[in-house]
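Novice: Structure provided below as structure tokens; questions to follow.
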Amino acid sequence: MEKNMDIRNIAIIAHVDHGKTTLTDALMRQTGMSVEGVSMDSNALEKERGITIYSKNTSVYYKDTKINIVDTPGHADFGSEVERVLRSIDSVLLVVDAQEGPMPQTKFVLKKSLELGLKPIVVLNKVDKPAARPAEVNEMVYELFMDLGATDEQLDFPVVYAVAKAGTATKDLTNPGKDLTALLDTILEYVPVASSDEAAAMPLRLQPFNLAYDNFLGRLSIGRIYEGTIKAGQNIIVKNAENDLRPKKITKLFTFEGLTRKEVESASAGDIVMTAGLPNIFIGETICENADQEALPAIEIDEPTISLNFLVNNSPFAGREGKYVTSRQIKERLEKELEVNVGLKIDFEQNDFYKVNGRGEMHIAILLEQMRREGYEMQISQPHVIIKEDENGQKLEPFEEVTIIVPNDMTGVVIEKLAKRKGQMTEMKPEHGNIKLLFEIPTRGLLGYRNEFVVDTRGEGILYTHVIGFKPYVGEIEKNQLGSMISMISGKALAFSLWNLQDRGVLYIGANTEVYEGMVIGNAAKGNDLAVNPIKGKQLTNMRTSNTDEAVRLTPPWEITLEKGMGVMNEDEYLEITPKSIRLRKQFLTENDRIRATRKK
Ligand SMILES: Nc1nc2c(ncn2[C@@H]2O[C@H](COP(=O)(O)OP(=O)(O)OP(=O)(O)O)[C@@H](O)[C@H]2O)c(=O)[nH]1
Ligand SMILES: [Mg+2]
């Protein structure tokens, strides 16, 4: 890098799907850093789900300035990732869908940005949508800034109108842009220069805000250089908040260029770099030149809120589909995950299971999905919330803010159910034709609710959640847990028997599914577990009946996915996960063993 090139550091933040990644991709293309078809959502799962899971860095060059950009995930379960990033950049592009307007996650990321004293640039995106209402949304964004206590300076935000998909931006809607020049110029105008000659002349201080992993280089840290210069091969000292010192050596140094990393000899204050050679480096530590330099203020990592066990798959179908099935293989994979998955904590103390703590069901589900794609098989136990104690011995549990948007006639059932689950309604107001409801609710009460919500609102409702922290435990929550319909036999499920069973609960499997004794094939509406025989054929009569089995009309099964399974599973069940299948099962497969197990309790 040239010596005194200007650097600007920004993050792109927004609610899910408002167009952060599309905008980042277009910025990279128009500055010549990538080509059509290349996306920041580079991970296979990200591509498939169409969401960003990991925040990622890129850099583009514009008018002799290097702009480091961090694209962040919009989904609330990855919200703590955004917070870390915000600590290390100088401004944000707050992207807001010009039709939808500010949504729950817009509020959370903006709140954090304002608290950190950042001055956002507002990008009203998707102004091409026929129902876009940029003027109105602009007003709503202004109100949101006010509600969140923005300073006068912050309230004076510039607004850029964009069609990220087409790669255009303008500051004046009557004069549509042809490219993203208007946005790039706004960035140069408003984002402070990342460093100064004075800072560059000081001894090195660098703080990682993200981790990455390379099979050859091991753990990598991604951080911002606040002061001084870092060189490949340099001996440095890692300091943490407790002021522990670890002398280490930077083996390799990289900066970002488009989507690739570029190996460099040195980098200076203001830049964002990736370092190799620090196997135990962690987010928020300080890399310094001398032992007597002060550590930078730590970056807090949000604590896990839910916990569950990972076990070896020991179902009768174990090992049929997976490549990696042993507990050692699962352990190694989880250890590797800890290298990069900052919100995750794992307890390897037990021999027969690993206790995995994460930031929500989606956080865990993404890990499980990654693992099954790579060929792993495993089982998980029912997720539980993590209960803590404060210094006075008071029990605390995680709470979430839930935003629900539903048609008017569905508010009754939502309010009733969330009240039962100890939710407190904090707001209720009309929002273009629908009703918006806000609740504060213990995570415990929310577990398993999503599935019910979809059914109760016939798929028309929208539900967003966001962890707000630990609060005093609210006591027992009574849930009308459904029972499970359990196969008492192994074999292939027949349409005829399923047809008889579908009145007694919702089926999770269709005809011809292979089942085993102890597998859960549906729920039992009556409440208690129900052992059934799903492979029984129609009794033969004198009539020709060979074709009746196919003729039977079945309601389509409610197929178990990772998230659905985690939501409906009971305490005494496991979710069996293989590259091809997700099955629910009883921990004890035979009825006798189950009876014996309950007697023991
Ligand atoms: N009509 C229209 N659609 C857009 C525009 N920009 C993005 N989209 C679409 O919006 C969807 C979401 O875009 P993304 O860029 O993945 O959104 P994101 O904010 O990165 O989403 P997460 O990272 O998952 O929070 C995609 O289908 C885009 O094609 C736009 O300017 N106009
Ligand atoms: Mg994205």
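Novice: Return the residue satisfying two criteria in turn: it lies in region 59-107 and is assigned to a loop (DSSP other than H, G, I, E, B) and aliphatic (A, V, I, L, M), and of such residues it is nearest to ligand 2 (Cβ to nearest atom).
Specialist: MET103
Novice: Further, regarding this structure: Just to be sure, is LEU27 open to solvent by less than 10 Å² (accessible area, probe 1.4 Å), at pLDDT 90 or above and within 16 Å of ligand 2 (Cβ to nearest atom)? Working first, answer last.
Specialist: Numbers: open to solvent by less than 10 Å² (accessible area, probe 1.4 Å): yes; at pLDDT 90 or above: yes; within 16 Å of ligand 2 (Cβ to nearest atom): yes.
Judged against the criteria, LEU27 is a match.
Novice: Would you check if there is a residue in region 60-83 being more than 19 Å from the chain's Cα centre (by Cα), within 13 Å of ligand 1 (Cβ to nearest atom) and more than 17 Å from TYR190 (Cα to Cα)? Before you say what the answer is, go through the steps one by one.
Specialist: Step one: of region 60-83, the residues more than 19 Å from the chain's Cα centre (by Cα) are 60-69.
After this cut, where a residue has to be within 13 Å of ligand 1 (Cβ to nearest atom) as well, the list is 69.
Applying the additional criterion that residues be more than 17 Å from TYR190 (Cα to Cα) yields none.
Within region 60-83, not a single residue is more than 19 Å from the chain's Cα centre (by Cα), within 13 Å of ligand 1 (Cβ to nearest atom) and more than 17 Å from TYR190 (Cα to Cα).
Novice: Between a first residue in region 11-27 that is outside any helix (DSSP H, G or I) and a second residue that is within 8 Å of ligand 1 (Cβ to nearest atom) and among the small types (Gly, Ala, Ser), which pairs have beta carbons less than 7 Å apart while being 6 or more apart in sequence or on different chains?
Specialist: ALA14/GLY74; HIS15/GLY74; VAL16/GLY74; ASP17/GLY74; HIS18/GLY74; GLY19/ALA164
Novice: Taking region 84-108, which residues are among the small types (Gly, Ala, Ser) and either within 11 Å of ligand 1 (Cβ to nearest atom) or under 12 Å from ILE10 (Cβ atoms) (or both)? Write out each step before concluding.
Specialist: Let us first name the residues in region 84-108 that are among the small types (Gly, Ala, Ser), namely 88, 91, 98, 101.
Correct list: SER88, SER91, ALA98.
Novice: Going by the structure shown, is MET40 within 16 Å of ligand 2 (Cβ to nearest atom), in a loop (DSSP other than H, G, I, E, B), within 28 Å of LYS178 (Cα to Cα) and over 14 Å from the mean Cα position of the chain (by Cα)?
Specialist: yes
Novice: Filter region 30-59 down to residues that are modelled with pLDDT under 85 and closer than 12 Å to LEU184 by Cβ, then give me how many there are.
Specialist: Of the residues in that region, 0 qualify.
Novice: Right, another one. How about region 496-538: which of its residues are out of contact with any Phe, Trp or Tyr (no Cβ under 8 Å at 6 or more places or on another chain) and of a type in the set (D, E, K, R)?
Specialist: Residues satisfying the conditions are ASP503, ARG504, GLU517, LYS526, ASP529.
Novice: So if I check each of VAL85, VAL35, VAL60, VAL96, which one is β-branched (Val, Ile, Thr) and within 16 Å of GLY19 (Cα to Cα)?
Specialist: None of the others qualify; the one that does is VAL96.
Novice: Starting from residues that are within 12 Å of ligand 1 (Cβ to nearest atom) and not acidic (Asp, Glu), keep the ones in region 30-48 and report whichever is surrounded by the fewest Cβ atoms within 10 Å (Cβ to Cβ).
Specialist: LYS47
Novice: Find the strands (runs of 3 or more DSSP E) located wholly in region 404-506 whose residues include 2 or more that are of a type in the set (A, V, I, L, M) and surrounded by 16 or more Cβ atoms within 10 Å (Cβ to Cβ), and list them.
Specialist: Strands (runs of 3 or more DSSP E) meeting the threshold: 434-442, 462-472, 483-487.
Novice: Does ILE51 count as under 19 Å from ALA194 (Cα atoms), open to solvent by less than 60 Å² (accessible area, probe 1.4 Å) and either in contact with a Lys or Arg (Cβ under 6 Å, 6 or more places away or on another chain) or within 9 Å of ligand 2 (Cβ to nearest atom) (or both)?
Specialist: It is false that ILE51 is under 19 Å from ALA194 (Cα atoms), open to solvent by less than 60 Å² (accessible area, probe 1.4 Å) and either in contact with a Lys or Arg (Cβ under 6 Å, 6 or more places away or on another chain) or within 9 Å of ligand 2 (Cβ to nearest atom) (or both).
Novice: For residues that are open to solvent by less than 10 Å² (accessible area, probe 1.4 Å) and within 14 Å of ligand 2 (Cβ to nearest atom), tally how many sit in region 1-18.
Specialist: Total meeting the criteria: 6.
Novice: Let me ask another. Taking region 56-75, which residues are open to solvent by 10 Å² or more (accessible area, probe 1.4 Å) and more than 22 Å from LEU463 (Cβ to Cβ)?
Specialist: LYS56, ASN57, TYR61, TYR62, LYS63, ASP64
The values are calculated or read from the model by the stated rules, or taken from the named source; none is laboratory data. What you see is a predicted model, and the numbers here were worked out from it, not measured in a lab. FYI the Cβ positions are ideal-geometry reconstructions off the backbone, even for glycines, and counts take in every protein chain you see. Note: accessible area is taken over every heavy atom of the protein model, side chains too, but ligands, DNA and RNA are not part of it. Shrake-Rupley method; radii C 1.70, N 1.55, O 1.52, S 1.80 Å.
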